[in-house]
1. How about region 93-125: which of its residues are farther than 25 Å from Asp49 by Cβ and in a strand (DSSP E or B)?
2. Could you look through region 379-411, keep only residues that are open to solvent by 40 Å² or more (accessible area, probe 1.4 Å) and of a type in the set (D, E, K, R), and pick out the one that is nearest to Phe326 (Cα to Cα)?
3. Could you list, in sequence order, the residues of region 327-347 that are more than 22 Å from Ile367 (Cα to Cα) and either hydrophobic (A, V, I, L, M, F, W, C) or not in a loop (DSSP other than H, G, I, E, B) (or both)?
4. Could you say which residue among Thr220, Thr235, Thr226 is modelled with pLDDT of 95 or more, polar (S, T, N, Q) and closer than 30 Å to Asp319 by Cβ?
5. State all residues of region 220-245 that are among the hydroxyl-bearing types (Ser, Thr, Tyr), outside any strand (DSSP E or B) and under 21 Å from Arg262 (Cα atoms); if no residue qualifies, say none.
6. Would you mind stating whether Asn306 is closer than 29 Å to Ser422 by Cβ, among the polar types (S, T, N, Q) and within 27 Å of the chain's Cα centre (by Cα)?
7. Kindly evaluate Asn414 against the criterion of being open to solvent by 30 Å² or more (accessible area, probe 1.4 Å), of a type in the set (S, T, N, Q) and at pLDDT 95 or above.
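The values are calculated or read from the model by the stated rules, or taken from the named source; none is laboratory data. The structure displayed is predicted, hence computed values, not measured ones. For neighbour counting, all protein chains shown are included, and Cβ atoms are generated from backbone atoms with ideal geometry for every residue, glycine included. Keep in mind that these areas ignore ligands, DNA and RNA; they rest on the heavy atoms of the full protein, side chains included. Shrake-Rupley method; radii C 1.70, N 1.55, O 1.52, S 1.80 Å.
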Amino acid sequence: MKHYWILGIIVILMTSLLTGTGYGREAQNTDRLYDELMTIYLGNLARRDHGVPPLRANVQMTRAARWFAWDSVENRHKPYCGHQDSRGFWPDYRAREYGYPGMAGAENAFCGYVSPADAIQGWLDSSGHRANLLCDCHREIGLGFYRGGDRGYVAQMFGYDPVYPPVIIEHEALTTTTPQVGLYIYSASGDGDMVGMGAAVEMLVSNNPSFADALWEPYTAEKRWTLEPGTGWRTVYVKTRDHLGRTVTVSDTIYLGETLPRAELSDVLMSTTRSEITITGTDQSGWPQVQFSTGWLADDSFDLFNLWWGNGERVQDPDAMGNTAFRLEPGDGESFAWFSTTGFIKDQPLVAYFRLKASDNTTTSEIARIAVEGAQSTYGPLHLTGRDFAATNVYQEFALPFTFPTDPEHPFLNIKVWRSGSADVVIDTVTIFTASQPVQDTLTWVLPGGNYRGQGVQARYTDEQGGFSAIMEMSTKDVVTLPKKPVDDEIISRVYMPLLVR
């Protein structure tokens with residue numbers, strides 16, 4: 001059999017998010033959807049055979065790939081073989097256009113309608129396509145199959161979203177005849193930063209989105225798991241957390257049974273992103289206001305933390321988040337440290353909570369100052385005396401509202417702490433939350449950046465006098481509805497607020 005293909009390209013270019021329209025958003029033909037999902041599965045088997053982790057099917061990239069396959073047939077007067085669409089745009093643009101929030105641009109194409117097995121083999125037989133298919137730099141994938149008359153096209157798109165560490169059941173197989181399955185569980189990459197979770201250290205695994213009866217265990221990428229018995233669609237939920245307690249919850253679904261009900265296949269089986277989440281039950285707390293975060297913080301363990309002058313050292317501290325803190329000590333005048341970054345939330349009112357402790361809570365003299373600088377705006381400094389600390393050597397939080405303006409000429413956000421006088425001042429973590437809003441039984445939170453992918457949602461309650469509660473993480477449930485016919489459904493994430501005793 002003769003194959004026609006063109007080498008995929010890797011282009012990563014970040015521009016503004018556009019709104020995709022057209023063919024890709026329509027429900028896919030059942031047979032073509034089956035071919036798309038089978039191609040993902042067979043590609044993952046090839047990755048397994050070469051020691052590379054599997055890829056999670058993604059709905060945004062799939063819709064972008066579908067549109068391009070359709071465009072390459074319907075908007076071309078003669079057979080086309082390439083990666084530039086009829087409008088002149090390339091894969092990275094189409095991924096953003098259809099809402100993929102991560103890095104994308106690597107694409108394979110098959111210029112004709114072929115079977116999933118032939119598509120994978122053809123790409124493996126081409127060095128450029130093979131490199132795309134087997135690269136461990138990807139975590140998600142989209143497939144688009146289209147046939148129009150006697151012409152067809154297949155597009156395969158790859159991506160990576162740093163905030164999303166997927167779980168994948170049996171290499172993204174559609175069905176299994178045994179409840180004993182293998183899981184591949186990704187970890188968030190890196191050591192984390194102010195908006196991104198660090199590498200996973202622990203995980204929960206469950207057949208229930210509430211994680212009832214699940215116990216934290218050390219993180220491992222591969223795990224054998226038993227699905228709920230019987231016949232039907234089965235979903236596995238995984239929550240991972242980093243050394244600072246930040247979490248993300250992900251899931252994957254497979255059909256348990258002898259015969260796959262093809263009519264029930266839908267895009268809902270794929271990973272997705274949401275720009276907003278629904279939060280319920282906040283009015284049960286007794287506090288009038290609430291703030292939210294997905295784990296935004298600055299910690300002494302980050303590379304962006306520096307001691308600029310004076311005496312200071314990182315110390316082990318079981319009372320600190322992540323079990324480390326940074327102690328600013330007397331000698332040689334003041335001590336000064338800061339966190340500095342350019343990649344944080346812009347143009348939104350926020351509140352920074354400085355978690356500090358001091359060795360002296362009796363003096364009326366200043367022992368510390370805290371401030372936030374965003375672009376050319378300064379918030380604070382807030383002057384702290386010993387009397388501002390309720391007890392010695394016990395962590396206490398101090399709130400400082402701020403906004404980080406967009407300013408290309410001055411792109412840095414600086415979070416600053418000074419120590420003065422004769423007391424030790426210990427910096428643990430600076431946590432950051434949205435501005436307070438009135439509690440409601442049900443509210444919609446539009447996430448800054450518009451990319452909710454299962455991140456743990458934290459809350460603080462506040463009042464008009466400046467009081468605030470401890471941080472609490474809300475329990476999240478991913479509600480997955482498998483339709484009886486292909487429809488344009490997506491995973492719906494709802495967040496439920498447990499009762500807080502004030």
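1. Those that are farther than 25 Å from Asp49 by Cβ and in a strand (DSSP E or B): Met103, Gly105.
2. Glu397
3. Within region 327-347, Ser340, Thr341, Phe344, Ile345 qualify.
4. After ruling out the rest, the residue left standing is Thr220.
5. Thr231
6. yes
7. The answer is no for Asn414.
Conditions tested, residue by residue: (1) touching a strand residue (DSSP E or B) at 6+ places or on another chain (Cβ under 9 Å); (2) in contact (Cβ under 8 Å) with a residue 60 or more places away in the chain; (3) open to solvent by less than 10 Å² (accessible area, probe 1.4 Å); (4) polar (S, T, N, Q).
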{"position": "Cys137", "(1), (2), (3), (4)": "yes, no, no, no"}
{"position": "Ile141", "(1), (2), (3), (4)": "yes, yes, yes, no"}
{"position": "Gly144", "(1), (2), (3), (4)": "yes, yes, yes, no"}
{"position": "Gly148", "(1), (2), (3), (4)": "no, yes, no, no"}
{"position": "Met157", "(1), (2), (3), (4)": "yes, yes, yes, no"}
{"position": "Pro162", "(1), (2), (3), (4)": "yes, yes, no, no"}
{"position": "Thr176", "(1), (2), (3), (4)": "yes, yes, no, yes"}
